[in-house]
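The values are calculated or read from the model by the stated rules, or taken from the named source; none is laboratory data. Here the structure is a predicted model, which is why all the values come from computation and not from measurement. Counting neighbours? That spans all protein chains shown, and the Cβs are built from the backbone with ideal geometry, glycine included.
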């Protein structure tokens, strides 16, 4: 299993800073609530000073969506969507301890964090432009086909595990009660992403170890080191 961004993605978006981490022994019976409270409190404190739409991390992704020809107010990055929900509702939904932790850390840093069930990914996971024939399983159960040129997460069998980059994940590889191994990916585009993305993943690494999960040390990728291989 390996993960990478296509050369074309690096050429179009040179400011990209991705980080990735592999975690095993994932269970859904751990007590994660106290950890969530700390990270959500940090996010709420920042939101109290101004809306998420003004955060540099969010503004950078909005610029990316505009560059992709998408309306940023319609297609929000995962981090912006979560921050918006937190600001409006005062909390985030509880789905699975690992997903809940990643969501809480995501809003604290205002940077997207994706969590994929590794057993549902075939061969590799690549961030690339879609050909248009890929299959995306929506949460409604409907199978969609991404638009040609749309940025997706694609595996060896041409399953699209996310559409419009960080906008929406596929139902196929969501983490659930049967998940034992997961891949965590965070991507930043703002000026301080080179510092913030590794800091975010290191924070997740420490939190997951404390929960009894078995995370591998996170890796930050670049155009010169665009691929990371995992085993185990």
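Could you say whether any residue in region 149-156 is closer than 23 Å to residue 202 by Cβ and either touching a residue at least 40 places away in the same chain (Cβ under 8 Å) or surrounded by fewer than 18 Cβ atoms within 10 Å (Cβ to Cβ) (or both)?
no
Just to verify a result, which residue in region 64-80, among those that are more than 17 Å from the chain's Cα centre (by Cα) and surrounded by 15 or more Cβ atoms within 10 Å (Cβ to Cβ), is modelled with the lowest pLDDT?
Residue satisfying both the conditions and the ranking: 72.
Would you check if residue 156 is in a loop (DSSP other than H, G, I, E, B) and either in contact with a helix residue (DSSP H, G or I) (Cβ under 7 Å, 6 or more places away or on another chain) or modelled with pLDDT of 95 or more (or both)?
yes
Quick check on residue 120: is it touching a helix residue (DSSP H, G or I) at 6+ places or on another chain (Cβ under 8 Å), surrounded by fewer than 22 Cβ atoms within 10 Å (Cβ to Cβ) and under 29 Å from residue 7 (Cβ atoms)?
Criteria not met by residue 120.
For residue 75, only one of the following conditions fails: (1) closer than 28 Å to residue 205 by Cβ; (2) touching a helix residue (DSSP H, G or I) at 6+ places or on another chain (Cβ under 7 Å); (3) touching a residue at least 24 places away in the same chain (Cβ under 8 Å). What is its number?
Result: residue 75 passes all but (1).
Can you name the condition, by its number, that residue 161 falls short on among (1) surrounded by fewer than 24 Cβ atoms within 10 Å (Cβ to Cβ); (2) more than 21 Å from residue 35 (Cβ to Cβ)?
It fails just one condition, (1).
Condition test on residue 51, is it without any contact (Cβ under 8 Å) to a residue 60 or more places away in the chain and surrounded by 11 or more Cβ atoms within 10 Å (Cβ to Cβ)?
Answer is yes for this residue.
Can you tell which of 177, 140 is in a loop (DSSP other than H, G, I, E, B), at negative phi and free of Cβ contacts under 8 Å to residues at least 12 places away in the same chain?
140
Keeping to region 180-199, report how many residues are part of a loop (DSSP other than H, G, I, E, B) and surrounded by 22 or more Cβ atoms within 10 Å (Cβ to Cβ).
Looking only at that region, the number is 1.
Can you spot a residue in region 1-16 that is within 14 Å of residue 108 (Cα to Cα) and surrounded by 19 or more Cβ atoms within 10 Å (Cβ to Cβ)?
No: region 1-16 contains no residue that is within 14 Å of residue 108 (Cα to Cα) and surrounded by 19 or more Cβ atoms within 10 Å (Cβ to Cβ).
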